[in-house]
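The next block holds one structure in the form of structure tokens; read it before the comments.
The values are calculated or read from the model by the stated rules, or taken from the named source; none is laboratory data. Computed from a predicted structure; not experimentally measured. When we count neighbours, we look across all protein chains shown, and the Cβ atoms used for this are built from the backbone with ideal geometry, even at glycine. Please note that ligands, DNA and RNA were not included when accessible areas were found on the heavy atoms of the full protein model with its side chains. Shrake-Rupley method; radii C 1.70, N 1.55, O 1.52, S 1.80 Å.
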Amino acid sequence: MPPMGSGGHMRNRFLTEEEKKNRPKVTPELLKRIFSYLMPYWKQLILGLGCIVFSSVLALLPSILTGRIIDDGLIGRNMRMLLILIGLSLLVTFLSNLIGVGQSYLNTWIAQHITFDMRNQMFRHLQMMSQRFFTTNNQGDIITRMTSDIAGVESVISGTFTSILSNVITLTVALIAMARMNGILTLLSLAVVPLFVIPTRLAGKTRWTITQEAQAVNDSINGILNETLSVSGQLLVKLFGKEDYEYGRYREANERMVRLNIRERMAGRWFFVVLSTFTSIGPMALYLAGGILIMKYDSSLTVGDITVMVALLGRLYGPVNSLLNIQVEWIRAMAMFTRIFEYFDMPVEIKSPPHPLRPKAYTGKVSFDHVFFSYEPEREILKDITFDLESGHSIAIVGPSGSGKSTIVNLIPRLYDVTKGRVLFDGLDVRRQSLSAIRRNIGVVTQETYLFNGTIRENLLYAAPDASEEAIWEACRKANIDEFIKKQPDGLDAMVGNRGLKLSGGEKQRLSIARVLLKDPALLIFDEATSSLDSISEELIQKAIDPLIAERTSILIAHRLSTILAADEILVVRDGRIVERGVHKDLVAAGGTYAELYETQFRRAIENESREL
Ligand code: ATP
């Protein structure tokens, strides 16, 4: 008898308004698709099914045997029979439980394997999603799909499906057994079942409503506490003399909570009174009807038969009650599958062509051919960008904040695709080359350096897992981070902390330069940090990148004059267009955007620097 669950359990039996609104559409395709995940495990499923059928039937046998114990053993005064029947009864119970163990192992095994497949598939799919997907979707949402939705699938497979099956079987077998004994009593039993089931559902619903109300009040109490007991909140209360007002608000919410809590507990109590009365009505009605049949109508019913009927009646409540909840669980399960499949169906926006082309050699040469680009349809970010970067040369891209500098470089490793025009890498359109080959040959040092929680060595080896100790030190030397590493007690094995938090901005950037150096790409893209570093770290970074630029094809998004001067050519970008290009001297003389930037940004930076020194 499973009448009262905890609050949480109760809540699970009813759909929330939101769930009612977003009912999933159950189509044959959806079912077929769910089925396709079960198919690889059909052998285990059939075995599991067999276990469920077998153990549900066995579980009912003792109740049925009780009739024989009474009639043949006790009333028939047959000791041998009595012992055999008691032994049989115990054996059957034991067997049914034994099979139950096997069944739950199978269940768990199947559910775990299906979710294992789904998790991996989801992870692989998410990894292929474009940068656009990650910038537009909420990270929390993505992680929820990966964790709780897929965990939900597990409980559906190991819980819902199994319970539907075993309840249906229990119900059918019990009813057949009853009907074979006496039709009238069976009908009577069916008539009393609702007496139990209806109050259970009503009480469940009442409690659920109260729990939801309590939740809302609880939220508002927490809100008041957060507002008034936080550092800034209490200050506001004090300065405006609102102590009494806030106390009143708190007291009122608290009072509502008390009333709700009392109502919730009492709903449970009243329910028990009603329930236990109704539960005893069933057996009493059967005894009465059975008695009438035996005494008045001379029926062939025995005392044992009536006892069996009463025992079986007790076995009907549970399955009926949980089958009534199945609809809710079913809707939830379908909603969950629909959500997961929605993710699976999101097209992979950026992928390698089926037959990728390969340039003769990767030299890092880049050409933009009348490139247009927009993140969102209405707003064009890049307009008619055309330039060539010869291999071995370097270009500095400068321009006001938001002019589209980072966007330009994002198009080269295909974080996004152009809306019009072409981006060529070593003479071939990037969209016609293998995505992984392009990305292998491009090294990017981003503004926000991303290091994962691990040692310096692990972070460096991410770029080149097979790099030798010498190669690592060589890269660190070039990136000007070797002295720093040597100073660490653990050297290369020093931890960088979560996201590299234990390192300064400059150290992080130099470490990520070393990482890119280990990768040894044909093209280097350096997105200089706008956040101001002190002049010493800037100089260290400058020393790290100067030789780099000299030896390989590079694009620098530059904010400081020294970086700009290190490049062979300067592109000036404004509002997504290249408005000027050339070398520093000529651009300053031209008196355009660059000259303006020079006056306002670079020159001031230099002055600040000299003042600092
Ligand atoms: P900064 O020097 O400040 O880094 P930037 O020149 O590199 O700026 P971009 O980052 O290329 O500028 O951005 C160009 C424009 O595109 C900006 O107006 C920005 O708001 C917009 N933008 C950038 N990323 C996205 C995105 N993922 N979705 C929509 N709009 C974006």
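Could you tell me which of HIS370, GLN433, THR206 has its Cα farthest along the dipole of the chain towards the positive end, charges placed at Cβ (Lys, Arg +1; Asp, Glu -1), taken about the Cα centre?
Among HIS370, GLN433, THR206, the one farthest towards the positive end of the dipole of the chain is THR206.
Can you tell me the length gained on complete extension of the stretch MET266 to LYS25, counting 0.36 nm per residue apart and subtracting the Cα distance? Write down the numbers at each step before the final one.
Details: separation 241, 0.36 × 241 = 86.76 nm, distance 3.89 nm.
Using 0.36 nm per residue and subtracting the Cα-Cα distance, I get 82.9 nm.
How big is the charge dipole of the stretch 34-131 about its Cα centre, in debye rounded to the nearest 20, if each Lys and Arg gets +1 on its Cβ and each Asp and Glu gets -1 on its Cβ?
It works out to roughly 100 debye.
What lysines could a cross-link reach from LYS205, if we take a straight Cα to Cα line under 28 Å and drop same-chain neighbours fewer than 8 places away?
Reachable lysines: LYS20, LYS21, LYS25.
Measure off, as a whole percent, the carbon and sulfur share of the 1.4 Å-probe accessible area of the stretch 502-564, all protein chains present. If you can, show how the numbers build up before the last one.
Details: 1070 of 2110 Å².
Carbon and sulfur: 51 percent of the exposed surface of the stretch 502-564.
Output the pairs from LYS478/LYS508; LYS508/LYS543; LYS487/LYS543; LYS519/LYS543; LYS383/LYS519 with a Cα-Cα distance over 23 Å in this structure; if there are none, say none. Walk me through the intermediate numbers first.
Numbers: LYS478/LYS508 15 Å; LYS508/LYS543 15 Å; LYS487/LYS543 19 Å; LYS519/LYS543 19 Å; LYS383/LYS519 32 Å.
Distance filter (> 23 Å) returns LYS383/LYS519.
Please give the charge dipole size of the chain, origin at the Cα centre, charges +1 on K and R Cβ atoms and -1 on D and E Cβ atoms. Round to the nearest 20 debye.
Working: 68 positive and 64 negative charges, 523 e Å.
About 2520 debye.
Where does the stretch 10-90 land on Rg(C-alpha)/(2.2 N^0.38 Å)?
Working: Rg = 23.2 Å, N = 81, 2.2 N^0.38 = 11.7 Å.
It is 1.99.
Going through the DSSP H helices of the chain, which span 18 Å or more along their own axis at the Cα atoms while scoring at least 0.5 as a mean Kyte-Doolittle hydropathy?
On the way: long enough: 42-68 (39 Å, 1.37); 79-128 (74 Å, 0.66); 162-181 (29 Å, 1.54); 183-229 (68 Å, 0.59); 243-297 (80 Å, -0.08); 303-345 (62 Å, 0.72); 505-519 (21 Å, -0.23); 535-551 (24 Å, 0.27).
Helices meeting the span and hydropathy rule in the chain are 42-68, 79-128, 162-181, 183-229, 303-345.
Which of the trypsin sites (Lys or Arg not before Pro) found in the stretch 200-248 are loop residues per DSSP with 16 or fewer other Cβ atoms within 10 Å of their Cβ? Kindly include the intermediate steps, with their values, before the conclusion.
On the way: sites: ARG201, LYS205, ARG207, LYS238, LYS242; in loops: LYS242.
Qualifying residues, ordered by number: LYS242.
Over its Cα atoms, what ratio of radius of gyration to 2.2 N^0.38 Å does the stretch 336-489 give?
Numbers: Rg = 19.1 Å, N = 154, 2.2 N^0.38 = 14.9 Å.
The reported ratio for this selection is 1.28.
In what sequence, largest accessible area first, do ARG574, ARG251, ARG552 appear using a 1.4 Å probe?
On the way: ARG574 85, ARG251 125, ARG552 30 Å².
Descending order: ARG251, ARG574, ARG552.
If you take the square roots of the eigenvalues of the alpha-carbon gyration tensor of the stretch 144-195 and sort them as a ≥ b ≥ c, do you get rounded (a/c under 1.5), prolate (a/b over b/c) or oblate? Provide the component values of the computation, followed by the final result.
Values: a/c = 9.50, a/b = 3.20, b/c = 2.97.
Judged from the Cα gyration tensor, the stretch 144-195 comes out prolate (a/c at least 1.5, a/b above b/c).
Let a ≥ b ≥ c be the square roots of the eigenvalues of the Cα gyration tensor of the stretch 395-453; is it rounded (a/c under 1.5), or, if not, prolate (a/b larger than b/c) or oblate? Before the final figure, lay out each step's value.
On the way: a/c = 2.06, a/b = 1.16, b/c = 1.78.
Oblate is the answer for the stretch 395-453, as a/c is 1.5 or above yet b/c matches or exceeds a/b.
Largest first, how would HIS355, HIS113, HIS125 line up by accessible area (1.4 Å probe)?
Details: HIS355 155, HIS113 60, HIS125 25 Å².
Largest accessible area first, the list is HIS355, HIS113, HIS125.
With a cut-off of 8 Å between alpha carbons and a minimum separation of six or more residues, what is the relative contact order of the chain in percent?
Relative contact order comes out at 14 percent.
Could you compute the FRET efficiency for ASP141 and LEU98, with r as their C-beta to C-beta distance and R0 at 51 Å, rounded to 0.05? Please report the intermediate quantities before stating the final value.
On the way: r = 44 Å, r/R0 = 0.86.
That pair, ASP141 with LEU98, gives E of 0.70.
In what order, largest first, do TYR450, TYR598, TYR250 sit by accessible area if the probe radius is 1.4 Å?
Ranked from most to least accessible, the order is TYR450, TYR250, TYR598.
What order do you get for 389-399, 210-220, 327-337 when each peptide is scored by the mean count of other beta carbon atoms within 10 Å, highest first?
Working: 389-399: 21.2, 210-220: 15.7, 327-337: 17.6.
The packing order, highest mean first, is 389-399, 327-337, 210-220.
With a cap of 12 neighbouring Cβ atoms within 10 Å, and only residues DSSP puts in a loop, list the trypsin sites (Lys or Arg not before Pro) found in the stretch 15-59. Kindly include the intermediate steps, with their values, before the conclusion.
Values: sites: LYS20, LYS21, LYS25, LYS32, ARG33, LYS43; in loops: LYS25.
Here the trypsin sites (Lys or Arg not before Pro) that fit, given the DSSP loop and packing criteria, are LYS25.
Take every Cα-Cα pair in the stretch 183-300 and report what % of them are more than 17 Å apart. Display every interim value, and only then the final one.
Working: 4818 of 6903 pairs.
Of the Cα pairs, 70 percent sit more than 17 Å apart.
Where a ≥ b ≥ c are the square roots of the eigenvalues of the C-alpha gyration tensor, would you call the stretch 447-520 rounded, which needs a/c under 1.5, or, failing that, prolate if a/b is larger than b/c, or oblate?
rounded
With unit charges on the beta carbon (Lys/Arg positive, Asp/Glu negative), name the residue among LEU286, ASN78, VAL197 whose Cα is farthest towards the positive pole of the charge dipole of the chain.
The residue sitting farthest along the positive end of the dipole is ASN78.
Among TYR598, ALA471, LEU461, which residue has its Cα furthest toward the positive end of the charge dipole of the chain, with +1 on Lys/Arg Cβ and -1 on Asp/Glu Cβ?
Toward the positive end, the furthest listed residue is LEU461.
Carbon-plus-sulfur fraction of the accessible area of the stretch 183-300, 1.4 Å probe, in percent?
65
For a quick protection proxy, order the peptides 343-354, 371-382 by their average other-Cβ count within 10 Å, most packed first.
On the way: 343-354: 12.3, 371-382: 15.2.
Ranked from most to least packed, the peptides come out as 371-382, 343-354.
In whole Å, what are the extents of the chain along the principal axes defined by its C-alpha atoms, from largest to smallest?
Largest to smallest, the principal-axis extents are 120, 71, 54 Å.
Taking the Cα centre of the stretch 183-300 as origin, work out the dipole magnitude from +1 charges on Lys and Arg Cβ and -1 charges on Asp and Glu Cβ, in debye rounded to 20. Walk me through the numbers before you get to the answer.
On the way: 13 positive and 10 negative charges, 52 e Å.
Dipole of the stretch 183-300, to the nearest 20 debye: 240 debye.
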